[in-house]
Amino acid sequence: MKALLIYPLIPDTFWNFRHVLKFIRKKAAHVPLGLLTVAAMMPKDWEIKLVDMNAQHLSDATIQWADMVFIGAMIIQKESVQQIISRCRKMERVVVGGGPLFTSFPEVFEDVDHLILNEAEITLPPFLKDLQSGNLNRIYQNEERPNITMTPLPRWDLIDINTYASMAVQYSRGCPYNCEFCDIVYLNGREPRVKSNEQMLKEFDSLYNIGWRGSLFIVDDNFIGNRLQVKTLLRKLIPWQAARNFPFTLYTQATVNLALDEELMQLMTAAGFDSIFLGIETPEKDCLLECGKYQNLQIDIVEAVKTIQRHGMEVTGGFIIGFDSDPPDIFERQIKFLQDSGIVRAMIGLLHAPPGSRLYKRLKKEGRLLEITSGDNCDGSMNFIPKMGYDFIRKEYHHLLNNIYSPRQYYLRVLEFLNTYVPARRHPVTVLGIVAFLNIILHLGILDNWRNSVYFWKLMIKTLIFHRRSMREAVTLMMFGYHFRKLLKK
């Protein structure tokens with residue numbers, strides 16, 4: 001069997017960081033970890049190719065080579081998926097779909113030959129068994145939650161790791177919280193399932209042994225969902241990193257109540273974490289109550305962010321506008337919160353209702369659903385009728401984005417962050433880092449218009465004088481600021 005695994009194109013968005021990649025000479029930000037893991041579950045005698053369309057071209061010849069085409073995708077990749085399916089149909093290739101997109105919208109893909117839904121550890125083996133017997137069903141679906149200690153190591157040999165800005169591993173699936181707008185509980189369950197410590201160290205070993213050094217994303221939706229277990233992992237990871245001179249710089253996703261656990265923050269910093277994405281959503285308490293984000297009500301969120309920053313981790317924040325409880329001044333309040341907290345990289349999106357979420361079910365019952373979500377909550381669309389009025393929200397939303405990503409406001413947030421942030425360790429100077437620094441000087445300090453360049457040089461000089469130990473972080477944030485401004489010009 002010749003199997004072609006395809007990871008579709010991610011559109012130009014907050015998450016693909018396309019405008020940053022040229023500074024560091026990479027083709028894609030993140031690896032297709034799901035498909036690499038699925039590839040490891042396939043029969044050993046299969047010929048397997050993997051094409052990540054974010055890093056390489058998908059040719060007709062590659063499609064024609066395959067006996068069967070497997071597509072793994074998220075909702076945001078829907079447009080690219082449909083184009084791939086169309087190409088495969090013209091070449092009469094068997095198409096198999098899996099991942100969050102197909103699990104959420106199986107009815108949309110009637111032209112896909114086979115759907116392997118939910119989690120592959122449960123639904124892929126029956127498909128492979130039926131394939132061998134020649135008696136395939138169209139849909140393989142099972143909501144049982146697999147024990148992920150049985151999940152194999154990803155097939156890193158199927159990609160060129162040097163084309164990526166970051167590698168990825170997964171420690172857990174599931175989240176103990178059940179926020180109304182989130183579909184994680186629907187996709188992965190509410191009880192966090194974790195891999196064993198030995199299993200995780202093998203995953204780290206596998207990346208280290210193939211020569212990877214640098215950024216490593218632990219992709220969990222909530223890395224600290226099972227705090228007792230994650231602390232045991234971190235205690236094993238700290239000496240592993242130290243013995244190898246910290247080859248990996250780690251980042252992940254968690255909840256804001258991390259700031260309440262001093263031991264956990266210290267362990268994460270000691271293990272090499274220097275960045276974390278938090279779902280902050282809104283400074284409005286009524287909105288947090290509305291969406292069931294009760295964990296964010298336990299703490300002063302600005303102080304929580306500052307606490308995490310002081311422990312050596314940059315906080316990247318996710319924010320949402322469009323709740324029924326949003327007051328008319330929510331846009332100004334979001335701006336003030338960002339400037340006060342020093343959250344530089346802020347993903348502010350409009351509320352969407354993904355299938356499987358409690359919000360989707362409520363809005364459907366209320367007759368307010370409009371269409372399938374785009375999967376990109378930063379594209380200015382909404383898939384339901386908001387109470388505040390869509391035209392007003394869209395107008396004010398664009399004003400908000402142009403404000404927070406203007407050079408003046410953005411660089412002020414960088415300084416606010418640097419004033420609080422305490423780097424845990426020095427990172428070695430690399431050739432890639434020097435290239436990125438020189439590119440930043442060229443594009444933002446020389447080629448940019450003079451108004452923007454003035455703010456750039458002010459920040460650069462202040463960083464050199466007052467925050468020299470954090471120059472790496474400052475340069476990184478300058479690159480991302482460039483990316484965000486480019487997105488706004490689309």
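Taking region 118-136 as the search range and keeping residues that are of a type in the set (A, V, I, L, M, F, W, C) and over 21 Å from the mean Cα position of the chain (by Cα), which one is farthest from ALA40 (Cα to Cα)? Walk me through it before giving the result.
Step one: of region 118-136, the residues of a type in the set (A, V, I, L, M, F, W, C) are 120, 122, 124, 127-128, 131, 136.
If we keep only those that are over 21 Å from the mean Cα position of the chain (by Cα) too, we end up with 122, 124, 127-128, 131, 136.
Values: ILE122: 14, LEU124: 11, PHE127: 15, LEU128: 13, LEU131: 17, LEU136: 21 Å.
Of everything passing the filter in region 118-136, LEU136 is farthest from ALA40 (Cα to Cα).
Scan region 105-117 for residues that are assigned to a loop (DSSP other than H, G, I, E, B), surrounded by 19 or more Cβ atoms within 10 Å (Cβ to Cβ) and under 26 Å from the mean Cα position of the chain (by Cα) and jot them down.
Result: LEU117, single match.
Of (1) more than 30 Å from PRO106 (Cβ to Cβ); (2) not in a loop (DSSP other than H, G, I, E, B), LEU363 satisfies all except one. Which?
(1)
Given the criterion among the hydroxyl-bearing types (Ser, Thr, Tyr), crowded, with 17+ Cβ neighbours inside 10 Å and under 24 Å from ASN178 (Cα atoms), identify the matching residue among TYR410, TYR360.
So the residue among TYR410, TYR360 that is among the hydroxyl-bearing types (Ser, Thr, Tyr), crowded, with 17+ Cβ neighbours inside 10 Å and under 24 Å from ASN178 (Cα atoms) is TYR360.
Considering each residue of region 314-330, count those that are among the aromatic types (Phe, Trp, Tyr) and either closer than 14 Å to TYR405 by Cα or touching a strand residue (DSSP E or B) at 6+ places or on another chain (Cβ under 7 Å) (or both), and give that number.
So the count comes out to 1.
Considering only residues that are in contact (Cβ under 8 Å) with a residue 12 or more places away in the chain, within 20 Å of ARG244 (Cβ to Cβ) and touching a Lys or Arg at 6+ places or on another chain (Cβ under 9 Å), which ones fall in region 184-203?
Those that are in contact (Cβ under 8 Å) with a residue 12 or more places away in the chain, within 20 Å of ARG244 (Cβ to Cβ) and touching a Lys or Arg at 6+ places or on another chain (Cβ under 9 Å): ASN197, MET200, LEU201, GLU203.
Tell me, please, whether a residue that is more than 25 Å from the chain's Cα centre (by Cα), under 23 Å from ASN137 (Cβ atoms) and acidic (Asp, Glu) can be found in region 87-96.
Checking region 87-96: at least one residue is more than 25 Å from the chain's Cα centre (by Cα), under 23 Å from ASN137 (Cβ atoms) and acidic (Asp, Glu).
Mind checking which pairs have a first residue in region 351-366 that is in the same structural domain as ILE330 (by TED's automatic domain parsing) and a second that is among the charged types (D, E, K, R) and buried (at least 21 other Cβ atoms within 10 Å of the Cβ), Cβ under 7 Å, 6 or more apart or different chains?
Short answer, once both residue conditions are applied: PRO354/ASP183; PRO355/ASP183; GLY356/ASP183; SER357/ASP183.
I'd like the full set of residues that are among the aromatic types (Phe, Trp, Tyr) and in a helix (DSSP H, G or I), limited to region 134-166.
Within region 134-166, the subset among the aromatic types (Phe, Trp, Tyr) is 140, 156, 164.
Within region 134-166, TRP156 is the sole residue that qualifies.
Please indicate, with yes or no, whether at least one residue in region 5-22 is closer than 25 Å to GLY433 by Cβ, more than 19 Å from the chain's Cα centre (by Cα) and surrounded by fewer than 17 Cβ atoms within 10 Å (Cβ to Cβ).
Yes, there is a match, as at least one residue in region 5-22 is closer than 25 Å to GLY433 by Cβ, more than 19 Å from the chain's Cα centre (by Cα) and surrounded by fewer than 17 Cβ atoms within 10 Å (Cβ to Cβ).
Output the helices (runs of 4 or more DSSP H) that fall wholly within region 223-328 and possess 3 or more residues being without any contact (Cβ under 8 Å) to a residue 40 or more places away in the chain, or say none.
Passing ranges, in order: 227-243, 262-271, 285-291.
Could you check how many residues of region 243-265 are within 22 Å of the chain's Cα centre (by Cα) and farther than 25 Å from ILE301 by Cα?
3
Looking only at region 143-171, count how many residues are loosely packed, with under 14 Cβ neighbours inside 10 Å and either polar (S, T, N, Q) or farther than 28 Å from ILE218 by Cα (or both).
Count: 3.
Counting only residues that are within 21 Å of the chain's Cα centre (by Cα) and within 16 Å of ARG425 (Cα to Cα), how many does region 267-289 have?
Result for region 267-289: 7.
Here is a yes/no grid of residues against (1) within 21 Å of ASP329 (Cβ to Cβ); (2) among the polar types (S, T, N, Q):
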| position | (1), (2) |
| --- | --- |
| ASN257 | no, yes |
| LEU260 | no, no |
| CYS287 | yes, no |
| GLY292 | no, no |
| ASP300 | yes, no |
| GLN309 | no, yes |
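Are any residues in region 89-104 surrounded by fewer than 17 Cβ atoms within 10 Å (Cβ to Cβ) and assigned to a strand (DSSP E or B), and if so, which ones?
VAL94
State which residue is nearest to SER325 (Cα to Cα) when the search covers only region 367-393 and only residues that are touching a residue at least 40 places away in the same chain (Cβ under 8 Å) and either of a type in the set (Val, Ile, Thr) or assigned to a helix (DSSP H, G or I) (or both).
Once the filter is applied, the top-ranked residue is ILE393.
The values are calculated or read from the model by the stated rules, or taken from the named source; none is laboratory data. None of the values given here were measured: they were computed from a predicted structure. So basically every Cβ, Gly included, is an ideal-geometry build from the backbone, and we count neighbours across all protein chains shown.
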